[in-house]
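Bear in mind these aren't lab numbers, they're just calculated from the coordinates by the rules spelled out. The structure displayed is predicted, hence computed values, not measured ones. All Cβ positions, glycine included, derive from the backbone under ideal geometry; neighbour counts span all protein chains shown.
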Amino acid sequence: MALVRRNVVATADDVPPDRDDWIADLTSGDASIRRRAARALSRMPDAVPVLCTHLANEPGLSVRSIILTGLIVHRSAAVVNGLLPLLASEDANLRNSAIEALQQMPDEVAPHVESMLAHPDSDVRIFAVDVLAALAHPMVPEWLRRVVTNDPHVNVCAAALDALAEAGEPDVIPALQGLAERFSDVAFIRFAVDAAIRRIRGR
Amino acid sequence: MTMPVAQTETVISDEEFAKFREFFYRKTGIMFDAQKKYFAGRRIIDRMDKLGCATFREYFATIRFEASGDEMQRLVNQMTVNETYFFREDYQLKALVAGILPELAAGRNDGRPIRLWSVPCSSGEEPYSLAIYILEHWPDADRHDIEILGSDIDSAILAEAATGVYGERSLQRLPPELIRRYFSRVKDRGYRISEDLRRSIDFSQGNVVDPQFMRRFRDVDVIFCRNMLIYFDDRSRRETIEAMYDCLSPGGYICLGHSESMSRISSLFQPRKHADSIVYQKPSR
Amino acid sequence: MDMITVPKRNPRVLVVEDGITMRMFYRDVLEGAGFEVEEAVNGLEGVERAMTGSFDLLVVDINMPKMDGYQVIRTVREDPALWRVPVITISTEDKEQDALKAYDAGANFYMTKPVRPKDLEEMARLLTGTAIR
């Protein structure tokens, strides 16, 4: 008979290493050791700065994932400060993971939104809008309204339009119509404004 | 109480339903086609009543802006049907024997058993289905040692699994000759799975969100984690997937439920196609 | 590529893009051009759909969650069943190095947002050998 049974044996817990041991393990060449260290450190709120610093240098997706889960759980001003610079990262996975994590921290992100939306790089402003698109904060519609009214870059406005199709209320419609006028020569914007208004009105 | 279609129509417009569909799809990967508007609409209206929302817009704002995500989770619970029976979603069992097992076996030279883990295993239909399907449909089953593990958080349901007695409803997808081969009739109770199979599954009780429990599972080749993660909150889902990554051997697989999508959960796994189904593989290195 | 072959059924296109209004826009343009359109909202879902559907064309956004467009294209090009599917990539970037990066990954064509309907339609028809009206 090919089916064999082996009882799953509970292994004894290791003698817990201390914080410095875990920090040292974060630079191990073995990803499974780094994962274990990340898991342990992400249970320690005072390890947030170490984790944020390490995140930017961690090549392994599986280790990054564990660090980010820990940062999401801790969700503090320090965490947001550690994640915001990653919006400008060239590493798409790192950037997207940071966006995902920030989306989970509405109250902690709120004080930074204005400066994020004023970033000189239009791509970073797009990523900031991406954070807002899934952020559960009551100010989101108003922040997005300001983007479609004031941002000079068409693709930043397009991203905000997208987010408003879901999060917008009827009071934002005049701002959307203004956007369509501002970019009257861009076929996509005309289309997207119409679509967004339909979604917001519910008809 | 049946609700006439017209009433659903007036409470939620087509455009509003389109907005809801898109949001639900973005968050869960589940897409309601237009025909499902009545089904989904009823459940939304139900939740609207319970929360005292006068309009759909009010309810949507709740699920869109609620930081805890609790109402969204309640809604997911309402929208999904979860029943267990033998050979459920057997297209994945087919992918297992036609693609996954041959691939694993080809690379297995050291005599280590191929380890499959069904979690949650509930009342046992899934791990026993794995056993039966492999014995029936994998020609090389005799040439390899196969371990099947089954875990659940609920010890009462695990006791049921160990007892292995099932009603007709649970066996509805099994051809009669398989019922004859692997079950014996128990008067007034249904069918009992053979003692050989009962003895061959390694059942354990535990919580996937408990790191100590998860540490017991290593070198797993295939995890069947169907219709569980969809009910978890974001944090538990992340932690569970990350823990399962560690439980798996390099090149090991996770199989999710039919309406679940790894693309809403994690990018740690690579999609692979076996026998026309998508399953998810841990990188080999 | 045989340019005068007319496909017997409507050509199928998969749009991989996380923005809802963008997806609606591409759908509008491509359905208007006679394509059957399916959608995926992130890169990983895009790869899954591409693997299980049979598409004549992929339209892939570069900046997406879970797997970016470059990675989607690379994964598709490595798949023996998919490697020949034409791919249009769409990006907010307008720098030469990003176009090169897209072509390096295996894209057939690279466009920048905001996309003009006529440009998308023409390129979609060209890449699938569909007759130009």
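Ordering B:M79, A:M44, C:M67 from the fewest to the most neighbouring beta carbons within 10 Å gives A:M44, B:M79, C:M67. Per residue, the convex hull spanned by the Cα atoms of the stretch A:93-140 amounts to 66 cubic angstrom.
What trypsin sites (Lys or Arg not before Pro) does the stretch C:45-112 have in DSSP loop regions with at most 16 other beta carbons within 10 Å? Don't jump to the answer; show the numbers that get you there.
Details: sites: C:R49, C:K66, C:R74, C:R77, C:R84, C:K95, C:K101; in loops: C:K66, C:R84, C:K95.
Filter output for the stretch C:45-112: C:R84, C:K95.
For the segment B:254-266, counting C-beta atoms of other chains within 10 Å of every residue's C-beta and taking the mean gives 3. Each label point was placed 7 Å from the Cα along the Cα-to-Cβ direction; for A:D171 and B:R43 their separation is 3.3 nm.
For the stretch A:109-203, would you read off the P(r) tail past 16 Å as a percentage of all alpha carbon pairs? Mind showing how you got there, number by number?
Details: 2109 of 4465 pairs.
Here the tail beyond 16 Å accounts for 47 percent of pairs.
Under a 5 Å amide H cut-off, with hydrogens placed 1.01 Å from N, C:M64 pairs with C:G69 among residues at least 5 apart or on other chains.
Taking the inverse of the mean reciprocal distance over all distinct Cα pairs, the Kirkwood hydrodynamic radius of the stretch B:12-167 comes to 19.0 Å. Look at the stretch A:61-70: the mean tally of other chain Cβ atoms within 10 Å of its residues' Cβ atoms is 4.
For the stretch B:164-233 versus the stretch A:178-200, the spacing of their alpha-carbon centroids is 54 Å.
Give me D for the stretch B:190-278 in µm² s⁻¹, whole number, from Stokes-Einstein with Rh from the Kirkwood sum over alpha-carbon pairs, 10 °C and 1.306 mPa s.
Numbers: Rh = 14.7 Å.
The Stokes-Einstein estimate is 108 µm²/s.
Build a GNM of chain B with springs between Cα atoms under 10 Å apart, and of B:T240, B:T62, B:T84 the one that fluctuates most is B:T62. At q = 0.10, 0.16, 0.18, 0.19 Å⁻¹, what log₁₀ I(q)/I(0) does a Debye calculation on the Cα points of the stretch C:12-128 give, no solvent, two decimals? Scattering profile of the stretch C:12-128, log10 relative to I(0): -0.23, -0.63, -0.82, -0.93.
May I ask for the percentage of alpha-carbon pairs in chain B that lie more than 35 Å from each other?
Values: 10875 of 40470 pairs.
Result for the distance tail: 27 percent.
Based on the Cβ-Cβ distance from A:A24 to A:N150, what FRET efficiency comes out when R0 is 51 Å, to the nearest 0.05? The pair A:A24/A:N150 has a calculated efficiency of 0.60.
Applying a threshold of 24 Å to the alpha-carbon distances of B:K37/C:K66; B:K282/C:K101; C:K66/C:K101; B:K36/C:K118; B:K37/C:K113; B:K282/C:K66 flags B:K37/C:K66; B:K282/C:K101; B:K36/C:K118; B:K37/C:K113 as lying beyond it. Under the criterion of Cα pairs below 8 Å and six or more residues apart, the relative contact order for the stretch B:176-239 equals 16 percent. Go ahead and run the numbers for FRET between B:K36 and B:D276, Cβ-Cβ distance against an R0 of 30 Å, rounding to 0.05. So, using R0 = 30 Å, E works out to roughly 0.80.
Ordered by the number of other Cβ atoms lying within 10 Å of each residue's own Cβ, fewest first, B:E16, C:E36 fall into the sequence C:E36, B:E16. Considering only beta bridges that DSSP places wholly inside the protein assembly as shown, some 25 percent are antiparallel. Counting only Cα atoms, the size of the stretch A:15-104 along its three principal axes is 38, 25, 16 Å, in decreasing order. Taking the DSSP beta bridges with both ends in the stretch B:90-281, the antiparallel portion is around 40 percent.
Considering all alpha-carbon pairs of the protein assembly as shown, what whole percent are spaced by more than 48 angstrom? Cα-Cα pairs of the protein assembly as shown separated by over 48 Å account for 16 percent.
Going by how many other Cβ atoms sit within 10 Å of their own, how do A:I173, B:I230 line up, fewest first?
On the way: A:I173 16, B:I230 23.
The most exposed by this proxy come first: A:I173, B:I230.
Computing FRET efficiency as 1/(1 + (r/R0)^6) for B:H137 and A:R182, where r is the C-beta to C-beta distance and R0 is 60 Å, gives about 0.45. Remark: spin-label model distance B:T163-A:D194 equals 6.4 nm, labels positioned 7 Å along the Cα→Cβ axis.
For chain B, find the longest principal axis of its Cα atoms and tell me its angle to the long axis of helix B:37-51, 0 to 90°, nearest 10. Approximately 70 degrees, to the nearest 10.
Computed on chain A, the Cα convex hull volume stands at 193 Å³ per residue. Can you tell me, using C-alpha contacts under 8 Å and at least 6 residues apart, the relative contact order of chain B as a whole percent? Relative contact order, chain B: 18 percent.
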